[in-house]
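Shown next, in structure tokens, is the structure this report addresses.
None of the figures in this text is laboratory data; all of them are computed from the coordinates on show. These figures come from a predicted structure and were not determined experimentally. Here Cβ is always computed from backbone atoms with ideal geometry, including for glycine, and neighbour counts include all displayed protein chains.
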Amino acid sequence: MRTYLDCIPCCVRQALDASRMVTDDVAVQERVLRETLALVNTIEFHRPPPWLGQQIHRFLKTATGDADPYREAKHRSNRLARELYPRLEEAVHAAADPFAAAIRFAIAGNTIDFGVKTHITDADVREAVHVAETAPLDEAVLTRFRRAIESARDILYLADNAGEILFDRLLIERLPTNKLAVVVRGQPIINDATREDAEAAGLPAIVEVIDNGSDVPGTIPELCSPAFRERLARCDLLISKGQGNYETLDGIAKRVFFLLRAKCPVIARHIGCEIGCMVLYENGYPQDGPV
């Protein structure tokens with residue numbers, strides 16, 4: 001997905017909010033904002049929005065001297081997710097369709113996105129969970145999703161954020177883990193999940209976990225490690241969580257099912273849904289795939 005004009009004010013806002021979140025030094029905040037404006041002035045709009053996010057947050061790390069400015073925010077998100085997990089697991093087990101219930105909660109976890117909203121409260125997450133319990137899913141896409149999983153030989157589950165990755169576990173446990181790998185970011189970027197967060201969610205005990213070797217808040221294959229690109233090339237199904245992965249992988253020549261909350265008007269228009277909707281969306285490639 002390309003960067004749209006409406007993405008620019010959001011990126012500038014994100015840069016200022018992020019700088020204020022990680023430092024009280026007004027001089028550093030000004031430097032981050034000025035650097036962001038300089039980047040915006042030269043942006044190539046064919047690039048996806050997470051490319052600009054990577055540049056902004058690299059400068060934020062340099063300006064603050066902190067390689068992981070969102071560390072504490074990620075830890076808080078993981079703690080909240082662990083607190084909620086037993087009730088969510090119980091709700092999934094009790095559901096008439098546990099697989100669909102797990103999908104709903106996995107999507108609800110996508111609320112924990114500090115790239116879109118810097119200040120996310122526990123109440124925001126709890127409300128998303130409440131809404132998820134009865135939120136509708138596209139039944140036709142859900143059926144295709146089940147069949148695609150059954151027929152796939154090699155599946156990559158692209159995780160998005162810390163905290164959210166524990167919500168993902170509810171769904172991952174209902175997937176064929178013998179042909180699945182969960183992918184996290186290679187380096188800290190915003191509150192995106194890294195191997196540390198996968199370990200906090202207990203995922204290495206149940207499924208293979210790999211990283212993509214990148215610090216993009218999404219998945220831009222050419223900026224990922226050779227090992228990940230090789231794994232991406234041989235997989236035949238992607239399960240993609242979150243807006244950043246959608247923005248970078250929409251149109252990829254792979255069969256992809258995107259699971260996310262549409263948290264901004266650009267994404268909502270691009271997908272064709274309302275802002276705030278819980279989305280299970282298929283990119284439709286290849287056309288001759290299982291239906």
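Points to keep in mind about this one:
- For the chain, the C-alpha radius of gyration divided by 2.2 N^0.38 Å, with N the number of residues, is 0.95.
- Amide H contacts under 5 Å for Glu282, placed H, 5+ residues apart: Phe258
- Dipole in debye (nearest 20) - the chain, about Cα centre, beta carbon charges: Lys, Arg +1; Asp, Glu -1: 340 debye
- The chymotrypsin sites (Phe, Trp or Tyr not before Pro) of segment 1-89 that meet both conditions, a loop assignment by DSSP and at most 13 other Cβ atoms within 10 Å of the site Cβ, are Phe45.
- Stretching Asp6 away from Ala140 to a fully extended chain increases their span by 45.1 nm, per 0.36 nm per residue minus the current alpha-carbon distance.
- Cα principal axis extents for segment 166-291, largest first, Å: 37, 34, 31
- Paramagnetic reach from Glu127 in segment 142-165 [backbone N under 12 Å; point 7 Å along Cα→Cβ]: none
- Ratio Rg/Rh [Cα only; Rh per Kirkwood] for segment 7-64: 0.95
- The trypsin sites (Lys or Arg not before Pro) of segment 123-211 meeting both criteria, a DSSP state outside H, G, I, E and B (loop) and at most 13 other C-beta atoms within 10 angstrom of the site's C-beta, are Arg153.
- Looking at the chain, the DSSP beta bridges with both ends there are about 25 percent antiparallel.
- Euclidean distance between Cα centres, segment 194-255 to segment 147-180, Å: 11 Å
- In the chain, helical runs assigned H by DSSP with n ≥ 4 each contribute -39500 (n - 2.57); averaged across all residues and rounded to the nearest 500, the mean residue ellipticity at 222 nm is -15500 deg cm²/dmol.
- Helix axis angle, 139-151 relative to the chain longest principal axis, alpha carbon, degrees: 80 degrees
- Placing +1 on the Cβ of every Lys and Arg and -1 on the Cβ of every Asp and Glu, with no other charges, gives segment 43-183 a dipole of roughly 360 debye about its Cα centre.
- Alpha-carbon centroid distance for the pair segment 9-61 / segment 71-103, whole angstrom: 32 Å
- Karplus (6.51, -1.76, 1.60) ³J(HN,Hα), θ = phi - 60°, over segment 202-214, in Hz, Gly and Pro reported as x: x, 5, x, 6, 10, 7, 5, 10, 10, 10, 9, x, 10
- Gain on full stretching of the segment that runs from Arg234 to Lys117 - 0.36 nm per residue minus C-alpha separation: 38.6 nm
- Using distinct alpha-carbon pairs, which all enter the 1/r mean, Kirkwood radius of segment 178-240 in Å: 12.0 Å
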